[in-house]
Amino acid sequence: MKPLQKVVACLCLGLLCACAAAAQSYTVTDLGTLSGFSSSLAYDISPSGLVVGCSDNSTPPSTPCSTTIPAEAYLWTLKGGMQPLGYLSGFDVSVAYVANDSGTVVGYAGDSQSGNAHGFVWTQGGGMVDLGTLTGSTGWSEAAAITSKGVIVGSSYISKGGNDQDDAVLWTGSGKSYQIHDEGVLPGFPHVYPNDINEKQLVTGVACQDTNCKNPYHAFLWSKAKPWIDLPLLPGGKFSDGEWMNTSGVIAGWSSSPKYPNGVSVYWDTNRKIHSIGTLPGGTSSFPGFITDSGEILGESTVPSGDNHAYIWTKKKKRMQDLNNMIPKNSGWDLHHAAAIDNAGHIVGYGTINGVDHAYLLTPKARR
């Protein structure tokens, strides 16, 4: 920033505006890819800065690790770079969703040909461990999130009364052994896919009427004490999804509405009232990836060009900020999605650089 810019004031229709020099800005670090792969994305960064995600050979506009091709999970650290986490035996796909501060990672490993998958937990000392399923080795499961104490939430296929279901499950561990607990489904929605669990063991996710979530699906809140709350949608909406939850139980997700038929980022407060946070200017839809304990929400929004841009939203500003406007103009990056933020303000996600999708790390610059 040029010295003169530090003292330039803005005047907007007679109202005093914040000086541009006070705005947060970031440097961008390319997290690269695993050996043998060309693309990557980051799903999460732990409070202390451990980054997890996956790497594959997808090409834009496909999102990395979203198609049925081989992929491998990774753990990235500032000192060690990107470390491959491997696969479960017989599988050629692994995806890491979340890491807690002890370095325990959860996700799923699968077969790109059959589509079968099992949830896994990974530790530095124990490697990748199969969490199993409700129906044994031939069943399906996915581990979505983990608490600081090691309680894991996810989903698993099971047949009940001749009907196929995907039930919410918890895994609890003792040493290297884990036990699966069937927590059932939201009434009327036989396919439940949790996305997050907080330290109070409140769970949110999406409940569907079919395995592909083609029919109306709803965000939910679940706990042992008050199981299965069907969260409200925006007025006139038919679809919603709960993506992430902070310590106090505020949930970030999205809901459709007549204005936003493809969905818009929302949050549910602790009274379970829904609030829309809109889109970037000119956007027609948005999708969240994370909410902090202070209420910051990160995700992606469409822009007039039709592209998806990564955003950050705060209660103080009450509007989305395009993270592409907060990095150096000559960086070469097009940031598509912001997935998570750590205690130091580092943001991870994925974007396009030199025509390929890579995971990135944004490091906040000191404000002047």
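Okay, residues lined up against (1) within 21 Å of residue 170 (Cβ to Cβ); (2) among the basic types (Lys, Arg); (3) modelled with pLDDT of 95 or more:
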site: 213; (1), (2), (3): no, no, no
site: 217; (1), (2), (3): no, no, yes
site: 221; (1), (2), (3): yes, no, yes
site: 241; (1), (2), (3): yes, no, yes
site: 244; (1), (2), (3): yes, no, yes
site: 252; (1), (2), (3): no, no, yes
site: 256; (1), (2), (3): no, no, yes
site: 260; (1), (2), (3): no, no, yes
site: 263; (1), (2), (3): no, no, yes
Search result, residues across the range 114-151 that are hydroxyl-bearing (Ser, Thr, Tyr) and either in contact with a His (Cβ under 8 Å, 6 or more places away or on another chain) or in a loop (DSSP other than H, G, I, E, B) (or both): 114, 133, 135, 137, 138, 141, 147, 148
The range 60-75, residues that are within 16 Å of residue 308 (Cβ to Cβ) and of a type in the set (Val, Ile, Thr): 63
Among (1) surrounded by fewer than 17 Cβ atoms within 10 Å (Cβ to Cβ); (2) in contact with a Lys or Arg (Cβ under 9 Å, 6 or more places away or on another chain), the one test that residue 238 misses: (2)
Residue count, the range 57-95 (criterion: basic (Lys, Arg) and either under 21 Å from residue 337 (Cα atoms) or in a strand (DSSP E or B) (or both)): 0
Neighbours by Cβ (under 9 Å, 6+ apart or cross-chain): first from the range 74-95, in contact (Cβ under 8 Å) with a residue 40 or more places away in the chain; second of a type in the set (Val, Ile, Thr) and assigned to a loop (DSSP other than H, G, I, E, B): 74/33; 82/33
Positions within the range 308-344 being within 19 Å of the chain's Cα centre (by Cα), under 21 Å from residue 276 (Cα atoms) and surrounded by fewer than 20 Cβ atoms within 10 Å (Cβ to Cβ), in sequence order: 314, 321, 322
Of all residues making up the range 248-289, the number that are part of a loop (DSSP other than H, G, I, E, B), touching a residue at least 40 places away in the same chain (Cβ under 8 Å) and over 16 Å from the mean Cα position of the chain (by Cα): 6
The range 321-333 residues that are assigned to a strand (DSSP E or B) and modelled with pLDDT of 95 or more, paired with ones that are surrounded by 12 or more Cβ atoms within 10 Å (Cβ to Cβ) and of a type in the set (Gly, Ala, Ser) (beta carbon under 7 Å, 6 or more apart): 333/351
Selection from the range 213-227 of residues that are out of contact with any Cys (no Cβ under 9 Å at 6 or more places or on another chain) and either at positive phi or surrounded by 15 or more Cβ atoms within 10 Å (Cβ to Cβ) (or both): 213, 219, 220, 221, 222, 223, 227
Matching residues in the range 228-241 - criterion: being more than 23 Å from the chain's Cα centre (by Cα) and on the phi < 0 side of the Ramachandran plot: 235
Some residue of the range 78-94 being surrounded by fewer than 24 Cβ atoms within 10 Å (Cβ to Cβ), among the acidic types (Asp, Glu) and either under 21 Å from the mean Cα position of the chain (by Cα) or under 16 Å from residue 197 (Cα atoms) (or both): no
Matching option when the condition is under 30 Å from residue 259 (Cβ atoms) and in a loop (DSSP other than H, G, I, E, B), among 212, 195: 212
Top-ranked residue of the range 150-180 - restricted to ones that are among the hydroxyl-bearing types (Ser, Thr, Tyr) and in contact (Cβ under 8 Å) with a residue 24 or more places away in the chain, ranked as surrounded by the fewest Cβ atoms within 10 Å (Cβ to Cβ): 159
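The values are calculated or read from the model by the stated rules, or taken from the named source; none is laboratory data. A quick note: this is a predicted structure, and the numbers were derived from the prediction, not measured. Glycine also receives a Cβ, built like all others from the backbone with ideal geometry; neighbour counts cover every protein chain displayed.
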